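A.B. asks: Structure provided below as structure tokens; questions to follow.
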Amino acid sequence: MSDALKTDILDVLRSIPVPDGGEDVVTRGMVSEIFVADRKAFFSLSVAASEAERFEGFRQEAERRVTEIEGIDTAMIALTAERKGAGIAARPAPAARPQPTAPQPRHHPRPRPGGAAMPAPPAPPRPVRPDIPGIRRIIAVASGKGGVGKSTTAVNLALAFSALGMKVGLLDADIYGPSVPRLLHLSGKPETRNGRTMVPLEAYGLKAMSMGFLVEEETPMIWRGPMVMSALTQMLREVDWGELDMLVVDMPPGTGDAQLTMAQSVPLAGAVIVSTPQDLALIDARKGLAMFRKVEVPVLGIVENMSYFVAPDTGRRYDIFGHGGAKAEAERLGVPFLGEVPLEMAIRESSDAGCPVVAGEPDGPHAQVYRDIAARVLASIEGVSASVAQAPTIVFE
């Protein structure tokens, strides 16, 4: 990106009055690092969570004005309370050191008449994760490490939900290495409505959105946490998904900013963990599972990918990466085992060709594997919903 474009964007931002009447957002260090690729500008504005609604109009006006700059066709700006902008304006004053305070008395249950203890104070409320209008359920397909076939699983799982009669969308949340454009043989830029809302691309009955539609395949995404979170938020909430029964999110590998953003910003119905049978992959799968549990997202189950190989000439089965490790891990951790996907050339070839096996060979045995997994995922979601609905209510009299 040229320094001139960056300067033009900052000049525009300086010229827009802020809703709280203070100094401009650049001077106050509210602007993140700015990234421009293919005539599209991406950055975020750091505001307090309590001010987000008031600054929404400012954000929209900033998007409109930035797109009027010569050399920029589209601007994606998000509000985030995660981190101040770095290196753009004067640094904010360092926070004052916390002063020591006197130890607070511990509260013990007070005895009630008759010897019964007063109930403990209620637990703090869980964070509110606002729904996305029109989307009934959102599930994440995740893995603790790369190279386990997570994206292939996510795409075929989405197609399997569609084959079961559902309206399905697919969000490629892997900002650094988007795979969905190639897996679905999609290219081109999404259209926008009102200069803001993006229209997802479609293939095989799926509505799809990916960072790979917005930048060229060879363009490296050298982004830090706030930019990743901003892009994900916009691809979730500023896309015309329409009415969907299910949105499948292909998560990036690991347990970083993208996973936390998804888990904390939208009401996930649950997460599907993809692993291969060997111990090293299972170690990382445990980390992913633990992360979702920590942020109170139900784990719907584990899929064992590349589970076994059947030689086409002899029919003999080979457990190249071991076998049954993911199933044993699911039993040990008390989560459903969703099924085994074989190491099969047809799955790899169809994925590389942009025609996933569930779409290209819907009546074949491999498509049936994914449909069975999709059915088990739905059953797991229903089981989670039932357990929540039947949870007892404790009443103190």
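A.B. asks: Of the listed peptides 169-176, 191-198, 12-19, what is their order by residue-averaged count of other C-beta atoms within 10 Å, with the highest listed first?
C.D. replies: Details: 169-176: 24.2, 191-198: 13.4, 12-19: 16.0.
Output ranking for 169-176, 191-198, 12-19: 169-176, 12-19, 191-198.
A.B. asks: While we're on this one: Please work out how much accessible surface residue 74 shows to a 1.4 Å probe, ignoring ligands, DNA and RNA, in Å² rounded to 10.
C.D. replies: About 40 Å², rounded to the nearest 10.
A.B. asks: Next question, about the same structure. How much length is gained if the chain between residue 60 and residue 318 is pulled fully straight, taking 0.36 nm per residue apart and subtracting their Cα-Cα distance, in nm to one decimal? Provide the component values of the computation, followed by the final result.
C.D. replies: Details: separation 258, 0.36 × 258 = 92.88 nm, distance 5.66 nm.
Gain on extension, residue 60 to residue 318, equals 87.2 nm.
A.B. asks: Could you work out how far apart the two model spin labels at residue 332 and residue 361 are, taking each label as a point 7 Å from the Cα in the direction of the beta carbon, and quote it in nm?
C.D. replies: Spacing of the two 7 Å Cα→Cβ label points: 3.3 nm.
A.B. asks: Need the list of aspartates and glutamates near residue 287 for cross-linking: C-alpha distance under 14 angstrom, and skip anything on the same chain fewer than eight residues off.
C.D. replies: Residue 287 reaches 279, 329.
A.B. asks: Next question. Can you work out the PRE-style zone for residue 199? Point 7 Å along Cα to Cβ, and I want the residues of the stretch 233-255 with backbone N under 13 Å.
C.D. replies: Zone members listed by number: 240-242.
A.B. asks: Also, quick follow-up: Of the listed peptides 181-190, 334-343, what is their order by residue-averaged count of other C-beta atoms within 10 Å, with the highest listed first? List each step's numbers first, then the result.
C.D. replies: Values: 181-190: 17.3, 334-343: 18.8.
Ranking the peptides 181-190, 334-343 by packing returns 334-343, 181-190.
A.B. asks: Can you tell me the order of 320-329, 230-239 when each peptide is scored by its average per-residue count of other Cβ atoms within 10 angstrom, highest first? Spell out each step's value before the answer.
C.D. replies: Numbers: 320-329: 18.5, 230-239: 20.1.
The densest-packed peptide leads the list: 230-239, 320-329.
A.B. asks: Using the basic label-point model (7 angstrom from Cα toward the beta carbon), what is the residue 294 to residue 245 distance in nanometres?
C.D. replies: 3.5
A.B. asks: Moving on to the next point. Considering only protein heavy atoms, what per residue accessible area in square angstrom results for the stretch 136-198 with a 1.4 angstrom probe?
C.D. replies: On the way: 2480 Å² over 63 residues.
About 39 Å² of surface per residue is accessible.
A.B. asks: Just check the stretch 334-375 against the gyration tensor rule for me: Cα atoms, a ≥ b ≥ c as the square roots of the eigenvalues, rounded for a/c under 1.5, and otherwise prolate or oblate depending on whether a/b exceeds b/c.
C.D. replies: Working: a/c = 2.51, a/b = 1.85, b/c = 1.36.
Here the stretch 334-375 falls in the prolate category.
A.B. asks: Keeping every protein chain in place, order 229, 30 by accessible area at 1.4 Å, biggest value first, i.e. largest first.
C.D. replies: Descending accessible area places them as 229, 30.
The values are calculated or read from the model by the stated rules, or taken from the named source; none is laboratory data. Note that the structure is predicted; figures quoted are calculated from it, not measured. Note that each Cβ is placed from the backbone with ideal geometry, even for glycine, and that neighbours are counted across all protein chains shown. Areas reflect the complete protein model, heavy atoms only, side chains present, ligands, DNA and RNA absent. Shrake-Rupley method; radii C 1.70, N 1.55, O 1.52, S 1.80 Å.
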